[in-house]
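One structure is given below, encoded as structure tokens.
The numbers here are math on the coordinates, done by the rules we state, and not lab data. Here the structure is a predicted model, which is why all the values come from computation and not from measurement. Here the Cβ positions follow ideal geometry from the backbone for every residue, glycine too, while neighbour counts run over all protein chains shown.
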């Protein structure tokens, strides 16, 4: 380790070094040092150093490479290198492709402004290499580096903020949308997709009695996600089936296709014929709500479900195509911020191979059982009608159905399709730009 760089730091903050000496651990407080020689003499040999904990203030904050700009009464700072790389002129940015074309082979990371001016709508910067840039002030503010501006960007254009719910909240958040309005109105299309993204569930009503009616809805978004079950799939009772969803018996809570690394994001289920029997009732549960509940009330089980990798599988034949799908992921998948980004759960499609250590098996099963019980407790129950398209987030919600009985004149049948979240978020952003017309988004 090079200690010399610490000797040059002018700070009164403290860095703590933990040093192991025999069986004892001594704590040394390192204060201001004026030379590398003096600093080195206060330290034991490098081989004795156990860990070093440094304080962020030891590293110089280079405020001299930031440009401060007052925009609409707010003082914002922008790094020179970021401003130069995001120049919007035709030499640096292709307007119709909406893509950066700046040549990075000739890019100067240490670029600095030579002249800066600002009018009511734009910031003008002439750089030390002679290049001139101009930036729309609303465009800059929308991309500001403050926490408030970054959160606004995320929720406005990246992805709407999710709101969790339980069975008591369900009647209030379960929005209903008209089929023809979605096909003929951008506003209706936007409202449906926005509600679906925020709550993970929405219902389309008054859908025509046709096996192709769902296609028009998908086409308003983009296109379907094809799986080994096809572009679309039919859900009805099939005794000798390759999928337990095609049985009339009780369908346990699950997510679809957890054995896909790129799992389908949204499930669209068009009810063509609903059972006249007492069964066929749906149950939906928001796993984001349940995960947060477990994190608070059952933290050790929550950790098991987020840390333990599980194997998910599907083996069979569909329309003559053999498949053997395997994927490994925890039940609750977290992103780098610790937020839930995907749920995997399917008792029939969880493999028999347990990839973890043997002493975790029983505790994991207990956590799994509690997760299922909580989803059943907080899940909402309802029954769709013919003409309904039930739309839900397949990597957030568990869905299931209780048993039903077909009769000679009444055979329950659904037409299903999957759509990826990439396509839904893309359509939402396009509609946002078109409908809201907010300056600075693009």
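Place the peptides 281-291, 89-99 in order of packing, highest mean first, counting for every residue the other Cβ atoms within 10 Å and averaging per peptide.
281-291, 89-99
Where Rh is the Kirkwood radius over the Cα pairs of segment 186-328, the temperature 37 °C and the viscosity 0.692 mPa s, what D in µm²/s does Stokes-Einstein return?
It diffuses with D of about 181 µm²/s by this estimate.
Kindly provide the Kirkwood hydrodynamic radius of segment 353-442 in Å, to one decimal, from all pairs of distinct alpha carbon atoms.
It is 18.4 Å.
With each label point set 7 Å from Cα along the Cα-Cβ vector, what nm distance links residue 409 and residue 187?
Result for the modelled spin labels: 4.4 nm.
How do the peptides 304-313, 432-441, 361-370 rank, highest first, by the average count of neighbouring beta carbon atoms within 10 Å per residue?
Averaged packing, sorted descending, gives the order 304-313, 361-370, 432-441.
What is the percent of Cα-Cα separations in segment 291-438 that go past 22 Å?
On the way: 6281 of 10878 pairs.
Distances greater than 22 Å cover 58 percent of the Cα pairs.
Where in segment 114-143 is the amide nitrogen less than 16 Å from a point lying 7 Å along the Cα-to-Cβ axis of residue 108?
The answer is 114-116, 125-133.
Using a 7 Å offset from the Cα along the Cα-to-Cβ direction at both residue 328 and residue 129, what is the distance between the two label points in nm, to one decimal?
4.6
Given the alpha-carbon gyration tensor of segment 63-146, what are the semi-axes of its equivalent ellipsoid in whole angstrom, ordered largest first, with each equal to the square root of 5 times an eigenvalue?
That gives 20, 16, 12 Å for the three semi-axes.
With all distinct Cα pairs included, what does the Kirkwood hydrodynamic radius of segment 170-431 come out to in Å, to one decimal, could you say?
Taking every pair of different Cα atoms in segment 170-431, averaging 1/r and inverting gives 19.1 Å.
For residue 434 and residue 276, compute 0.36 nm times the residue count separating them, minus their Cα-Cα distance, and round to one decimal in nm.
Residue separation times 0.36 nm, minus the Cα-Cα distance, leaves 52.5 nm.
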